[in-house]
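We did not get these values from a lab; they are worked out from the coordinates using the rules stated. This one's a predicted model, so the numbers in the text were calculated from it and none came from an experiment. Cβ placement follows ideal geometry from the backbone for every residue including glycine, while neighbour counts extend to all protein chains displayed.
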Amino acid sequence: MHLLSLSGSRNHDGQTARIINAVGEGFIKAGGGTTGSIFLPDLKMERCLQCDLDGWGPCRQTQECVIEDDFANLTDKMNLLDASIEVSLVPDYPTMEFAASGGVVNYPVPRAQGVFNDFIVQTTLIV
């Protein structure tokens, strides 16, 4: 099995990275297999354009997104994984739009739903 961690933090050594590392170590100790991490702010990635009137786009039929950015490389890695976690910093500022929206972690989720159809199930855990 392979676990892929998607981080919304720009800090590769901060608290979010510590969570990712702890989950990865636990996964390996439990006999889970291998782990990998991707820091989403390092990627050039746009929000879903919702190309068609139904809120999706040609991705539902072609399993490819029309936006040319780093998302295609991310989906290649997602095709190989067995499990994933998405971890994002939630600052202690309840009015911040970034915290409320999940920030850059939310960029790939709607696009992945279009590309992978029913494969993606999202669960949010705030620690």
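First obtain the Kirkwood hydrodynamic radius of the range 4-53 from its Cα pairs, then insert it into the Stokes-Einstein equation at 10 °C and 1.306 mPa s, and state the resulting D in µm² per second as a whole number. Numbers along the way, then the final one.
Values: Rh = 12.6 Å.
Answer, rounded: 126 µm²/s.
Got a sec? How would V23, V66, V87 order by Cβ neighbour count within 10 Å, fewest to most?
So the residues, fewest neighbours to most, are V66, V23, V87.
Given H placed 1.01 Å from N in the peptide plane, which residues other than close sequence neighbours of I67 have an amide H under 5 Å from its amide H?
Here the answer is none, since no amide H 5 or more places off falls under 5 Å of that of I67.
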